[in-house]
Amino acid sequence: MISRWTTAVLDTDQPGGWAVARSPEGFLFDDNGALFPREWLKRQDLSILAEHGIGHLDGEPVYLLELRSASEVPGCNWKGLRAFMLEGDHTVYKVLGYAAQIGTWYREHRFCGNCGQATHQVPRERAMYCEPCDIRYYPRISPSMIVLVTRGDEVLLARSPRFVAGVYSTLAGFAEPGESAEDCLIREVREEVQIEVKNIQYMGSQCWPFPHSMMLGFHAEYAGGDIVCQEDEIEDAQWFNIHAMPPLPASRSIARYLIDVYLARRLGHAEPVLPG
Ligand SMILES: NC(=O)C1=CN([C@@H]2O[C@H](COP(=O)(O)OP(=O)(O)OC[C@H]3O[C@@H](n4cnc5c(N)ncnc54)[C@H](O)[C@@H]3O)[C@@H](O)[C@H]2O)C=CC1
Ligand SMILES: [Mg+2]
Ligand SMILES: [Zn+2]
């Protein structure tokens, strides 16, 4: 299958193409969605912080207008990235997810962390450059492990106080320096529920642009221990029987994929496909 969306570093001096506008209040959208004819969008009253050429959608160049603040555009509204993830076209969500990460990276790397001077965009490369220090700052990606722990017909799911009421999900956590993916997974499961795991199997990965996680998904089997929830992080954790599951995370998340694959295998159903 040919991918409809490919990323690229485009020259912003070229006219034409599509553009998306991003402010601290999310992306601008109207009845046609979040992609606007670029020349039209640039004629609106927007406080543009920077423009980035981010890739091609169905062969057409796409640009990001990163804004200082949200402003009124007639017939349009603002909406957060999560809303685009939950509903609507998956390819458009991918474009916006990438745009959000480029916007975040640009905002957070306008000055050198070493000397404090202003950085500059490197032509044809996704990097901010400090000349005196000769340092390049690339978009930040944070590796995070996510794991479904199982014990026969039971799966271990937990809720964080931040989740939507009632929803239970797989355990997850950010990798720390010095850790392998497996070390991180074992530590996170220990920290969050005091459970030991074995037979760790890699299942797949997903970009999670909230704001810059790279989710590495695993399956693991229970090896020992009783559930003890980590204070503040884990509100509740339980073994759920595959025939009595609680409300689960959004269908496009890798958390949901890991759960659905296991259910499909246990119940002899067709396996789902991981959304890219
Ligand atoms: N796509 C999916 O299905 C799912 C994605 N996630 C994502 O996985 C990531 C990790 O999950 P959590 O349980 O929240 O992590 P976690 O268990 O490591 O705890 C979060 C804590 O980690 C620290 N932290 C924050 N950002 C960090 C970074 N970049 N590097 C290292 N430490 C950091 C902070 O102290 C924060 O309070 C989050 O971005 C979350 O949104 C979580 C569950 C499902
Ligand atoms: Mg966690
Ligand atoms: Zn510097």
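Extension gain for Glu179-Leu267 works out to 28.2 nm (0.36 nm per residue, less the C-alpha to C-alpha distance). Rounded is the label for the stretch 5-108. Its Cα gyration tensor axes, ordered a ≥ b ≥ c, give a/c under 1.5. Distance from the Cα centre of the stretch 164-240 to that of the stretch 126-158, in angstrom? Spelled out, the Cα-based centre of one part sits 14 Å from the other.
Within the listed set Phe36, Phe163, Phe27, the Gaussian network model of the chain (springs between alpha-carbon atoms below 10 Å) gives the highest mean-square fluctuation for Phe163.
The distance between label points at Arg162 and Asp236 comes to 2.0 nm (points 7 Å beyond Cα on the Cα→Cβ vector).
Where the accessible area of the chain is counted over protein heavy atoms with a 1.4 Å probe, how much of it, in %, is carbon and sulfur? Heavy-atom surface of the chain belonging to carbon and sulfur, 1.4 Å probe: 49 percent. Using θ = phi - 60° in the Karplus curve 6.51 cos²θ - 1.76 cosθ + 1.60, the 3J(HN,Hα) couplings for the stretch 32-45 round to 8, x, 9, 9, 10, x, 4, 5, 5, 4, 6, 7, 6, 7 Hz; x is entered for Gly and Pro. Name the most mobile residue of Gly75, Gly103, Gly113, meaning the one with the largest mean-square fluctuation, in a Gaussian network model of the chain with Cα contacts below 10 Å. For the chain, modelled as a Gaussian network with Cα springs under 10 Å, the answer is Gly75. Each residue of the stretch 113-125 is assigned a 3J(HN,Hα), and the resulting list reads x, 8, 10, x, 7, 5, 9, 10, 5, 7, x, 6, 9 Hz, derived from the Karplus form 6.51 cos²θ - 1.76 cosθ + 1.60 (θ = phi - 60°), x at Gly and Pro. Using a Gaussian network for the chain with springs between C-alpha atoms less than 10 Å apart, which of these wobbles most: Ala264, Ala165, Ala223? Of the options given, Ala165 has the highest mean-square fluctuation.
Solvent-accessible surface of the stretch 142-267, averaged per residue with a 1.4 angstrom probe and all protein chains in place: 46 square angstrom. Label zone (Asp45, point 7 Å along Cα-to-C-beta; backbone nitrogen cut-off 16 Å) within the stretch 64-103: 68-77. Across the stretch 64-72, rounded Karplus estimates of 3J(HN,Hα) from the backbone phi angles (6.51 cos²θ - 1.76 cosθ + 1.60, θ = phi - 60°) give 10, 9, 8, 9, 5, 8, 6, 10, 6 Hz, Gly and Pro being marked x. For the stretch 114-202, the spread of Cα coordinates along the three principal axes comes to 58, 31, 24 Å, biggest extent given first. The separation of the stretch 259-276 from the stretch 79-113, counted between C-alpha centres, amounts to 28 Å.
The values are calculated or read from the model by the stated rules, or taken from the named source; none is laboratory data. For clarity, every value in this text was computed on a predicted model and none was experimentally measured. So basically every Cβ, Gly included, is an ideal-geometry build from the backbone, and we count neighbours across all protein chains shown. Only protein heavy atoms, including side chains, enter the accessible area calculation; ligands, DNA and RNA are left aside. Shrake-Rupley method; radii C 1.70, N 1.55, O 1.52, S 1.80 Å.
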